[in-house]
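To start, the structure itself, in structure tokens.
Laboratory data are not the source of any read-out in this text; all were calculated from the coordinates shown. This structure is a prediction, so every number in the text was calculated from the model and none was measured. No Cβ is skipped: glycine too gets one built from the backbone with ideal geometry, and neighbour counts run over all protein chains shown.
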Amino acid sequence: MNRFATLASTGSYLPEIRVSNDDLRKRFAHLPDFVDKMEASSGIRCRWNAPEDWATSDVALPAARQALERAGLKPEDVDLIILGTDSPDYITPATSVVLQYKLGAVNAGTFDIGCACASFPTAYATAAGWIATNPAIKTVLVVGVYLMHKLASPNDPLNFFYGDGAGAAVLVASDKPGFVGAAAQAGGAYHKHWGIYSGGTYEPATVESVQAGRTQVKMLERYPPEINHEGWPRLVRKLAAGSGFALNDIDFILFTQVRKPSIDLVMGDLGIPLEKTHTVMEEWGYTGSACIPMVLHDAIEKKKIKSGDRVVLVGSGVGYNQAACAFIMP
């Protein structure tokens, strides 16, 4: 019997501390028109922060619980947890193993995927591969989570983007087709553009590096806009060609939630009507590794995605990593 990975449920968590653009206008009053310009270029109007005493695994936990509850499953039913983030609890051990403990998923193996906003499509495809090739793996919990505001200086204007949150999906083994395919591409020449550059083996943390702010996330050089404007359409076409479907076979497509005008532009390039996508960055901010499962959950909740739809997820993040996957909505 063929084994397919089918989406059983989704979950999402948005923290309760609202940070509006007006709040940031006060914080960055020394930068005239900065927030106005960022709002116009991104569409973001506010974002939400978790409490300062929370870790990334704490943000992931409510989304994971909701996804399992909606699938009618208990934590001990999970065989594998795959967690995507670039704001982990620790450098090591993996955040997924902390989530496993807090969730009570005593029978689950775990591992992390760390390719920023490309993490969730990568993790989704990885989960499908585990299910397809391992008869003992029947239930996989995939989580994307982001708590980057804690790793940023409060005085960094890029706090405009950072919103905290988590999204989760439960994939189960089925004899009916679900997962369709995946594609990936990368541009490692951009690895020094945006990141946290002290605290790992390149530069272990020192008093000097902490005082200089190098253990916090920073953008050192802007990305050219074509990295997404050209990269996303190229990736979607690569996915479609490799998975045996045409662009007009796509019923719904979701992208990294960072700039709404970029999504509008790419939809035009692909020739896909705007009603076949959905955005949440306007009210939730840029939730990084969590944004794709969060926007997927919201689109499903709003009944924009229906049974039988071919859904494509497209993620890109610092590194530079880009990944996409496609599945049929059960």
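Given charges of +1 on the Cβ of Lys and Arg and -1 on the Cβ of Asp and Glu, with all other atoms neutral, how large is the dipole of the chain about its Cα centre, in debye to the nearest 20? Show your work: numbers first, answer last.
Values: 30 positive and 34 negative charges, 102 e Å.
Value, rounded to 20: 500 debye.
Partners of LYS218 within straight-line reach, counting lysines whose Cα lies under 16 Å from its Cα and excluding those fewer than 8 residues away in the same chain: LYS150, LYS192.
May I ask you to order 200-208, 35-43 by the average number of other C-beta atoms within 10 Å around their residues, highest value first?
35-43, 200-208
Taking a straight line from the alpha carbon of LYS176, these lysines sit under 17 Å away, with near neighbours fewer than eight places off in the same chain left out: LYS138, LYS306. Pairs with C-alpha atoms separated by more than 32 Å, drawn from the list LYS102/LYS260; LYS26/LYS302; LYS74/LYS302, are LYS102/LYS260; LYS26/LYS302.
Here LYS303 is the anchor, and the lysines within straight C-alpha reach of less than 16 Å, apart from those fewer than 8 places off in the same chain, are LYS276. In units of the rule-of-thumb radius 2.2 N^0.38 Å, region 4-176 shows an alpha carbon radius of gyration of 1.14. Note on SER153 and ARG237: their simple-model spin labels are 4.2 nm apart, each label 7 Å out from Cα toward Cβ. Taking 0.36 nm per residue of sequence separation and removing the Cα-Cα distance, the GLU230/LEU274 pair yields an extension gain of 14.1 nm.
Please label the shape of region 187-255 as rounded, prolate or oblate, based on the square roots a ≥ b ≥ c of the eigenvalues of the alpha-carbon gyration tensor (a/c under 1.5 means rounded; beyond that, a/b larger than b/c means prolate, else oblate).
On the way: a/c = 3.71, a/b = 3.18, b/c = 1.17.
In terms of gyration-tensor shape, prolate.
As an exercise, use a Förster radius of 30 Å and the Cβ-Cβ distance of ARG27 and ALA186 to find the FRET efficiency, rounded to the nearest 0.05. For ARG27 and ALA186, the calculated efficiency is 0.30. If contacts are Cα pairs under 8 angstrom and at least 6 residues apart, what is the relative contact order of region 4-176 in percent? Value for region 4-176: 35 percent.
Suppose we keep just the DSSP beta bridges with both residues in region 4-176; what percent of those would be antiparallel, to 5?
On the way: 21 of 31 bridges.
If I count the DSSP bridges inside region 4-176, around 70 percent turn out antiparallel.
The C-alpha atoms of the chain occupy a region whose extents along the principal axes are 62, 46, 36 Å, arranged from largest to smallest. Once you sort the root eigenvalues of the Cα gyration tensor of region 224-275 as a ≥ b ≥ c, which label holds: rounded (a/c under 1.5), prolate (a/b larger than b/c) or oblate (the other case)? Judged from the Cα gyration tensor, region 224-275 comes out oblate (a/c at least 1.5, b/c at or above a/b). So what's the gap between the Cα centers of region 38-64 and region 214-258, to the nearest angstrom? Taking the Cα centre of region 214-258 as reference, the centre of region 38-64 is 22 Å away.
The trypsin sites (Lys or Arg not before Pro) found in region 88-166 include none that occupy coil by DSSP while having at most 15 further C-beta atoms within 10 Å. For the chain, the antiparallel share of DSSP beta bridges with both residues in that region comes to about 70%. Computed over all pairs of different Cα atoms, the Kirkwood value for the hydrodynamic radius of region 143-237 is 16.8 Å.
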